[in-house]
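Just passing along the structure, written as structure tokens.
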Amino acid sequence: MRNEHVISILESKPLGELNENELAQIHAHSPICESCRQAYEAAQVSAILLKERAAEIFEPSPFFQTRVLAALRERRSENESWAWSRLWRTAGGLASSMVATVATLAILTFVVPGTPSVEPQGSTVNAYSAEAVVLNENATSDDQLSNNDVFATLYETDDDVVK
Amino acid sequence: MKAFTQLSSYEGRGSMEGWLTRIATNTCLNLLRSAKRRPQLTAADLSEDESRWIESALARTAAEQHQSRERGLVAADLAGRVLQTLTPDDQLVLTMIDGEDASVKDVVEVTGWSESKVKVLAFRARRRMRTAVEKLLSSKRRDETAEA
């Protein structure tokens, strides 16, 4: 037992958790084995170092809270700007589709050849409008009175009334 | 902050404390993993205080001397430098089990690793740590011999 190397014992568990038997074995073997003695020495130093490391109290820097809050604000504003840009993109898409629809309708209405017009040419002039009366002054039909007839009728009537 | 922003992903299956601990652990491990450089530590890299601490440790007086606050800080700093030569997983396991007296189950809970993985990691990490310290001590002895 004294001649058995103890390195595996040193690695099996933390140094502080070794039981009396294991410690006795290490103490018995270390003086006669240089490699195990060095390993035990290094294990002891390692154990102390790790304990000191664990005992160290880590305190956040005084600016930690400020930095975290600033980062949160930054992230939030990033999200907001992202939301706005998304909204803008959506609205832009909607507007583009509307413009495209209007343009398509305009092309279909005015440009595409062979589209029948709704009203025949010249029909914009009403038969009873002033223009029609003036333009068709000479084209009087048989059943219509001429201007002279109308005037004569009017003035005759007036003269009769005056008389 | 990561926990705050990922709050919606908390499913409420475990405790909130466990969830937060795991996030913190994984974040720290990822941070350590991203810093891939693992420097070799030799006696020449030690500061005067660290060198003196090692000497006193070798003289078996560290047990009394490491009580002082200043010595404790030197030791903690040196421990940090030695740990930096190990992998992040090794650092975590050693710091928790050997440093903070945490159980294997505690590490399992924090990391989500299997129990056997933690045990194997701890065994190997102890070996690596001991080897690193052994190298440091032997290089220090060589320097002293050369100076003499």
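Do any chymotrypsin sites (Phe, Trp or Tyr not before Pro) in segment A:49-98 lie in a loop, going by DSSP, with at most 15 other beta-carbon atoms within 10 Å of their beta carbon, and if so which? Walk me through the numbers before you get to the answer.
Numbers: sites: A:Phe58, A:Phe63, A:Phe64, A:Trp82, A:Trp84, A:Trp88; in loops: A:Phe58, A:Phe63.
The qualifying sites are A:Phe58, A:Phe63.
Lysine pairs in chain B with alpha-carbon atoms under 23 Å apart, 8 or more places apart or on different chains: how many are there?
Numbers: B:Lys2/B:Lys36; B:Lys36/B:Lys117; B:Lys36/B:Lys135; B:Lys105/B:Lys117; B:Lys105/B:Lys119.
Pairs that pass both the separation and distance tests number 5.
Dividing the Cα radius of gyration by the Kirkwood radius, what Rg/Rh value follows for chain B? Can you show the working numbers first?
Details: Rg = 18.5 Å, Rh = 17.4 Å.
Result for chain B is an Rg/Rh of 1.06.
On to the next question. Using modelled amide H (1.01 Å from N, peptide plane; none on Pro or chain starts), what sits under 5 Å from the amide H of B:Ala102, excluding residues fewer than 5 places away?
Distant-sequence amide H within range of B:Ala102: B:Ile97.
None of the figures in this text is laboratory data; all of them are computed from the coordinates on show. Just so it is clear, the structure is predicted and the values come from calculations on it, not from any experiment. Positions of Cβ are generated from backbone atoms using ideal geometry, with glycine treated the same way; all protein chains shown enter the neighbour counts.
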